[in-house]
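Encoded as structure tokens, the structure appears first; notes follow it.
The values are calculated or read from the model by the stated rules, or taken from the named source; none is laboratory data. A quick note: this is a predicted structure, and the numbers were derived from the prediction, not measured. All Cβ positions, glycine included, derive from the backbone under ideal geometry; neighbour counts span all protein chains shown.
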């Protein structure tokens, strides 16, 4: 996306403007990615991911996802009722299946490189 916008600026203005835009927008994206890490913690019987939390008793399964699996789940096979906490720079993640009759959320889709550690902690 950055490159296509820079290309449009280059076509409309000049190389200097396009280069400056490309460098600034990439620097801002890098800064934003470092300022918005995803916090994941398990405290007692609660799983906290970002601002969301759920009791472990409502978690019926956890699946570690590869790059291809998470890509399909967040695009073509996405469920609009699912809770998503994704970071575009993390290509793998987990799907946490929720089993609560009071909650319409079928699963949480989380991008993380620590899927195996999360699964092990939740299965204790």
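A count restricted to the range 46-55 and to residues that are surrounded by 11 or more Cβ atoms within 10 Å (Cβ to Cβ) and farther than 10 Å from residue 96 by Cβ stands at 6.
Return a yes/no flag: does the range 70-81 have any residue that is within 20 Å of residue 117 (Cα to Cα), touching a strand residue (DSSP E or B) at 6+ places or on another chain (Cβ under 8 Å) and either assigned by TED's automatic domain parsing to the domain that holds residue 115 or in a loop (DSSP other than H, G, I, E, B) (or both).
Within the range 70-81, one or more residues are within 20 Å of residue 117 (Cα to Cα), touching a strand residue (DSSP E or B) at 6+ places or on another chain (Cβ under 8 Å) and either assigned by TED's automatic domain parsing to the domain that holds residue 115 or in a loop (DSSP other than H, G, I, E, B) (or both).
A count restricted to the range 26-60 and to residues that are touching a strand residue (DSSP E or B) at 6+ places or on another chain (Cβ under 8 Å) and free of Cβ contacts under 8 Å to residues at least 40 places away in the same chain stands at 9. Of the residues making up the range 86-110, those that are in a loop (DSSP other than H, G, I, E, B) and touching a strand residue (DSSP E or B) at 6+ places or on another chain (Cβ under 9 Å) are 86, 87, 88, 89, 90, 91, 92, 99, 100, 103, 105, 106.
Within the range 111-124, the set of residues being free of Cβ contacts under 8 Å to residues at least 60 places away in the same chain, more than 16 Å from the chain's Cα centre (by Cα) and in a loop (DSSP other than H, G, I, E, B) comprises 124 only. Of the set (1) more than 30 Å from residue 30 (Cα to Cα); (2) free of Cβ contacts under 8 Å to residues at least 60 places away in the same chain, all apply to residue 91 but (1).
Consider the range 26-45. How many of its residues are surrounded by 12 or more Cβ atoms within 10 Å (Cβ to Cβ) and at pLDDT 85 or above?
Total satisfying the criteria: 2.
So that you can scan it fast, the table gives a plain yes or no per residue for (1) under 14 Å from residue 94 (Cβ atoms); (2) in a loop (DSSP other than H, G, I, E, B):
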site	(1), (2)
7	no, no
19	no, no
23	no, no
26	no, no
31	no, no
34	no, no
38	yes, yes
64	yes, no
68	no, no
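Is it the case that residue 62 is touching a helix residue (DSSP H, G or I) at 6+ places or on another chain (Cβ under 8 Å), under 17 Å from residue 123 (Cα atoms), surrounded by 11 or more Cβ atoms within 10 Å (Cβ to Cβ) and at pLDDT 90 or above? Lay out the reasoning, then the answer.
On the way: touching a helix residue (DSSP H, G or I) at 6+ places or on another chain (Cβ under 8 Å): yes; under 17 Å from residue 123 (Cα atoms): yes; surrounded by 11 or more Cβ atoms within 10 Å (Cβ to Cβ): yes; at pLDDT 90 or above: yes.
So residue 62 passes the test.
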